[in-house]
Amino acid sequence: MATERLPIISGNWKMNNNHFEAIQCVQKLAYLLQKEDFDAVEVTVHPPFTDLRSMQTLIDADQLRIRLGAQNCHPEEKGAFTGEVSPVFLAKLGVHFVIVGHSERREHFGETDEFVARKVAAVQKHGMTPILCVGETLAERESGVALDKVRHQVRVALEKRSSDQVKSMVIAYEPIWAIGTGKNATATDAQEVVAAIREEVAAVVSRPAAQSVRIQYGGSVKAGTAAEFMRQPDIDGLLVGGASLDPTEFARIVQYRRHAY
Ligand code: 13P
């Protein structure tokens with residue numbers, strides 16, 4: 001991994017942890033992580049919307065270096081969108097990172113590449129950092145179109161963004177068949193796709209953007225596999241689902257250098 005890209009490890013809690021559980025989880029995580037961990041790795045947690053206010057209060061009061069993230073937002077700032085959450089509200093709550101285009105949103109809620117591109121723009125407009133998720137299905141991998149699929153997702157999401165905007169964002173490569181299944185992509189397979197994502201960013205946006213954008217791997221990451229992914233030259237971080245619900249396991253993932261086994 002190029003030294004100028006600060007590693008970023010993110011916990012996507014999905015629809016888990018009410019606001020009481022969220023506080024306990026983050027307090028324990030903060031207790032387990034030391035200053036040198038935060039100096040080496042940017043750590044973000046993405047609880048459900050209903051937890052954000054409690055988390056913001058905790059992070060502020062205890063001056064934690066854990067960065068607050070959301071799992072989604074709507075591209076519009078306000079209006080008749082029942083049940084949706086505005087990026088303006090998230091920014092007001094001290095949210096720094098917003099996951100956009102997670103495969104579960106694309107699959108269960110019909111989010112298209114174009115809709116995801118609007119979210120990327122909205123998140124950046126309000127001073128937050130998007131974590132843009134891309135990834136292929138098992139059928140796409142088996143039929144040899146994984147790279148085409150992922151490159152297309154990247155292109156549609158980024159083609160209207162400036163070089164500086166893309167430099168500051170995060171992309172997460174999450175092969176859908178590896179999410180929640182216990183199946184990892186091999187680190188070499190993940191590296192191959194992540195390198196292709198970087199090439200696509202160079203082609204669609206700019207070479208400097210491709211060199212600066214941070215790219216995570218996600219899909220059944222555990223403490224035992226984190227270091228292997230992080231050793232890959234183009235992988236700058238991890239987007240962790242299930243294992244981020246256990247603060248001990250998640251702390252060990254953040255401390256992947258110490259727990260490389
Ligand atoms: P798991 O780590 O549970 O496979 O989830 C990955 C993911 O979807 C993170 O966004």
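On a full-extension model of 0.36 nm per residue, what is the gain between ASP62 and GLU107, subtracting their alpha-carbon distance, rounded to one decimal in nm? Write down the numbers at each step before the final one.
Details: separation 45, 0.36 × 45 = 16.20 nm, distance 3.75 nm.
Contour length minus Cα-Cα distance gives 12.4 nm.
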Listed by chain and number, the residues whose amide H is under 5 Å from that of LEU132, excluding neighbours fewer than 5 places away on the same chain and using placed H, are VAL100, VAL170, ILE171, ALA172
The local net charge around THR50, scoring Lys/Arg +1 and Asp/Glu -1 for residues other than THR50 whose Cβ lies under 15 Å from its Cβ, equals -1
Interchain or sequence-distant (5+) residues whose placed amide H lies within less than 5 Å of the amide H of GLY11 are THR44, VAL45, HIS46, VAL240
Of the listed pairs LYS160/LYS183; LYS78/LYS125; LYS14/LYS35; LYS14/LYS222; LYS119/LYS183, those with alpha carbons more than 25 Å apart are LYS160/LYS183; LYS14/LYS35; LYS119/LYS183
Honestly region 37-77 on the Cα gyration tensor test (a ≥ b ≥ c root eigenvalues; a/c under 1.5 rounded, otherwise a/b vs b/c for prolate or oblate) is just oblate
Length gained if LYS125 through GLN34 is fully extended, taking 0.36 nm per residue and subtracting the Cα-Cα distance, is 29.5 nm
The chain accessible area per residue, 1.4 Å probe, protein heavy atoms, integer Å², reads 44
Per the helix-only model, the chain has a calculated mean residue ellipticity at 222 nm (DSSP H runs of ≥4, -39500 (n - 2.57) each, divided over all residues, rounded to the nearest 500) of -13000 deg cm²/dmol
Here the FRET efficiency for ARG258 versus GLN27, based on Cβ atoms and R0 = 22 Å and rounded to 0.05, is 0.55
Any lysines whose Cα falls less than 17 Å from that of LYS28, other than same-chain ones fewer than 8 residues away, would be none
On the accessible surface of the chain, probed at 1.4 Å with all protein chains in place, carbon and sulfur together account for a percent value of 52
By the mean-Cβ-within-10 Å protection proxy, highest first, 35-41, 16-22 rank as 16-22, 35-41
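Rounded, prolate or oblate: which fits the chain when a ≥ b ≥ c are the square roots of the eigenvalues of the alpha-carbon gyration tensor, with rounded for a/c under 1.5 and prolate only if a/b beats b/c?
Values: a/c = 1.45, a/b = 1.10, b/c = 1.32.
Since a/c stays below 1.5, the shape of the chain is classed as rounded.
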To the nearest 20 debye, the chain has a Cα-centred charge dipole, built from +1 on Lys and Arg Cβ and -1 on Asp and Glu Cβ, of 400
Sorted on mean Cβ neighbours within 10 Å (highest first), peptides 211-222, 112-123, 52-63, 83-94 come out as 211-222, 112-123, 83-94, 52-63
With +1 at each Lys and Arg Cβ and -1 at each Asp and Glu Cβ, the charge dipole magnitude of region 46-183 around its Cα centre, to the nearest 20 debye, comes out at 360
Whole-Å distance linking the alpha carbon centroid of region 11-82 with that of region 169-248 is 21
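The values are calculated or read from the model by the stated rules, or taken from the named source; none is laboratory data. Please read all numbers here as calculations on a predicted model, not as lab measurements. Because the Cβ atoms are built from the backbone with ideal geometry, glycine has one as well, and the counts that use them run over all protein chains shown. Note: areas computed on protein heavy atoms with side chains; ligands, DNA, RNA excluded. Shrake-Rupley method; radii C 1.70, N 1.55, O 1.52, S 1.80 Å.
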